[in-house]
Amino acid sequence: MRVLVLGGDGYLGWPTALYLSQAGHDVAVADNFVRRQYDFELGADSLVPIESLQVRVEAWRQVTGKSIETFIGDLCDAEFTYQMIKDFRPEAVVHFAEQRAAPYSMIDRKHAVYTQVNNVVGTLNLLYAIKEIDPDIHLVKLGTMGEYGTPNIDIEEGWLELEYKGRKDRVLYPKRPGSFYHLSKVHDSHNIEFACRIWGLRATDLNQGVVYGQQTAETALDDRLATRFDYDAVFGTVLNRFVIQAVLGHPLTVYGSGGQTRGIIDIRDTVRCIELACDNPADPGEFRVFNQMTESMSVLDIANTVAEAFPGTATIDHLDNPRVEFEKHYYNVTHTALVELGLKPHLLSDTLITSLFDIAKRYGDRANLEAMRPRVNWRGAGERR
Ligand code: NAD
Ligand code: USQ
């Protein structure tokens, strides 16, 4: 299959491109490198050094003999997006290419506007390009479990069967997200569902939980194939941050009581889920939603699990929560669709955590501890820029 991976220079896009290429698909990646730009803006960097996209692609060719085509440009540039679809003629487009950090979107007005324009306009350009060039292309879009928020009822896979005043309907599951970033994904989901309903496009929205891990079988083949490993308070996600904090002797930064519960997933399962979605496309006109997570854990349980696995002393600090979120709530998520397609989840284990400790130890001296402390406060309006 010809698969185009948008955001293919990022934390998840790059390992996904390698996984699909190794599995025998014809793969191209696209990126505008804005993720590397955020690092310059924030004074942070991936703990594991990453090569340029050009070096990565050449290393992949040397190691496996397989080639990956590259498209450098911005999805918000409609001409670029149309030309890329015309040139590569993909059968599936996997769309990772968005600003994905909740705290980044909450810095101030400018960052909120940037996040929503980048994400919503990029996806709209893509929908139009698919419609006008080849409506048969299957769009595999990365959404987020955070679109749902933490409602007091079970979370279904995208749709809800509703009975109201004696009548029944199937409606998009109500959304109550927790940041302007998460909201951008809700807007995308609505636009994609509309495009499927009105134009007959086919799409799979993958509402993914928080990803952890740094290596896949393919990225481990050569240091030049490594993907990012973020620990800063803006882009670092919770489990990866706790692992790196433990290794650096920094207290694990649990926000508030830590009772907030999230869906989580191993990066090795992320790449497999994408392949499963591509191999089993949605029907024309179908807007299909999968909850891409393998287990739920509270933040405090994640901290305790990391601390217990650490071969030394790791302490836990309860910081004032910089976010506005429930710390005590119901959380019961249906996530059976990907398992039914063949996913065999890697559940969080001590072995995985220990392997992450080793990676963090190897590169620990690259860490900037100043970047560890959360500075973006949901309640603040942020500074004016
Ligand atoms: P990332 O920031 O590392 O990768 C995204 C890539 O997209 C970057 O390389 C960036 O340069 C590129 N990009 C952004 N805007 C672009 C544009 N307008 N045009 C072209 N390229 C653009 O993020 P990630 O962690 O790999 O996440 C990938 C996707 O998965 C995101 O959509 C994110 O919302 C979703 N997701 C991530 C996680 C997680 O824990 N990392 C969890 C759930 C969902
Ligand atoms: N948290 C802490 N301490 C930390 C970091 C985070 O307690 O040091 C807490 C947060 O308050 C939050 C939870 O951990 O309750 C998760 O935070 P996170 O930064 O790991 O994840 P989040 O902001 O939700 O965003 C990440 C990705 C995003 C993706 C989302 C999936 O950056 O792209 O969409 O995970 S989900 O959470 O399911 O929406």
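Is it true that some residue in the range 263-270 is surrounded by fewer than 24 Cβ atoms within 10 Å (Cβ to Cβ), over 16 Å from Thr144 (Cβ atoms) and either under 14 Å from the mean Cα position of the chain (by Cα) or at pLDDT below 95 (or both)? Looking through the range 263-270, at least one residue is surrounded by fewer than 24 Cβ atoms within 10 Å (Cβ to Cβ), over 16 Å from Thr144 (Cβ atoms) and either under 14 Å from the mean Cα position of the chain (by Cα) or at pLDDT below 95 (or both).
Which ranges mark the helices (runs of 4 or more DSSP H) fully within the range 1-65 that have 3 or more residues being away from ligand 2 (no atom under 16 Å from the Cβ) and touching a helix residue (DSSP H, G or I) at 6+ places or on another chain (Cβ under 9 Å)?
Working: elements: 13-22, 34-42, 53-64.
Ranges flagged: 13-22, 53-64.
Of the residues making up the range 152-166, at least one is within 12 Å of ligand 2 (Cβ to nearest atom), surrounded by 20 or more Cβ atoms within 10 Å (Cβ to Cβ) and of a type outside the set (Asp, Glu). Among the residues of the range 212-266, those identified as within 14 Å of ligand 1 (Cβ to nearest atom), among the acidic types (Asp, Glu) and part of a loop (DSSP other than H, G, I, E, B) are Asp230, Asp232. Which members of the range 172-215 meet the condition of being over 12 Å from the mean Cα position of the chain (by Cα) and polar (S, T, N, Q)? Scanning the range 172-215 gives Ser179, Ser184, Ser189, Asn191, Thr204, Gln214, Gln215. When Glu41 is tested against (1) touching a residue at least 24 places away in the same chain (Cβ under 8 Å); (2) among the acidic types (Asp, Glu); (3) under 30 Å from Arg375 (Cα atoms), only condition (1) is not met.
Is there any pair linking a residue in the range 245-257 that is within 16 Å of Asp232 (Cβ to Cβ) to one that is within 10 Å of ligand 2 (Cβ to nearest atom) and of a type in the set (Gly, Ala, Ser), with Cβ under 7 Å and at least six apart or on different chains, and which? Final answer for the pair search is Leu252/Ala303. Filtered by the rule that a residue be surrounded by 15 or more Cβ atoms within 10 Å (Cβ to Cβ) and assigned to a loop (DSSP other than H, G, I, E, B), the range 136-150 gives Ile137, Tyr148, Gly149, Thr150. If you filter the range 77-132 down to residues that are within 16 Å of ligand 2 (Cβ to nearest atom) and part of a loop (DSSP other than H, G, I, E, B), you find that the one that is surrounded by the fewest Cβ atoms within 10 Å (Cβ to Cβ) is Gln99.
Taking the range 185-211 as the range and being in contact with a strand residue (DSSP E or B) (Cβ under 6 Å, 6 or more places away or on another chain), within 11 Å of ligand 1 (Cβ to nearest atom) and either assigned to a helix (DSSP H, G or I) or within 19 Å of Phe235 (Cβ to Cβ) (or both) as the test, the residues that pass are Lys185, Gln208, Gly209, Val210, Val211. One residue stands out among those in the range 267-316 that are within 12 Å of ligand 2 (Cβ to nearest atom) and part of a helix (DSSP H, G or I): the one that is nearest to Ala217 (Cα to Cα), which is Thr270.
Within the range 76-123, the residues that satisfy the criterion of being touching a His at 6+ places or on another chain (Cβ under 8 Å) and farther than 24 Å from Gly236 by Cβ are Glu91, Ala92, Val93, Val120, Thr123.
When Ile316, Ile267 are screened for being in contact with a Pro (Cβ under 9 Å, 6 or more places away or on another chain) and more than 26 Å from Lys185 (Cβ to Cβ), only Ile316 passes. Scanning the range 21-36 for residues that are under 14 Å from Asn118 (Cα atoms) and of a type outside the set (A, V, I, L, M), we see that the one that is nearest to the chain's Cα centre (by Cα) is Arg35. In the set (1) surrounded by 15 or more Cβ atoms within 10 Å (Cβ to Cβ); (2) in contact with a strand residue (DSSP E or B) (Cβ under 8 Å, 6 or more places away or on another chain); (3) over 21 Å from Pro151 (Cβ atoms), Asn321 fails one condition alone, (3).
Answer yes or no: is there a residue in the range 230-237 that is buried (at least 22 other Cβ atoms within 10 Å of the Cβ), under 19 Å from Asp350 (Cα atoms), within 19 Å of the chain's Cα centre (by Cα) and touching a residue at least 40 places away in the same chain (Cβ under 8 Å). No, that holds for no residue. Taken together, the residues in the range 46-63 that are surrounded by fewer than 16 Cβ atoms within 10 Å (Cβ to Cβ) and over 24 Å from the mean Cα position of the chain (by Cα) amount to 4.
The condition (being of a type outside the set (Asp, Glu), touching a Gly at 6+ places or on another chain (Cβ under 7 Å), under 25 Å from Glu286 (Cα atoms) and within 15 Å of ligand 1 (Cβ to nearest atom)) is satisfied by just one residue among Gly158, Gly143, Gly149, Gly122: Gly149.
The values are calculated or read from the model by the stated rules, or taken from the named source; none is laboratory data. In this text the structure is predicted, and so the values were computed from the model without any measurement. No Cβ is skipped: glycine too gets one built from the backbone with ideal geometry, and neighbour counts run over all protein chains shown.
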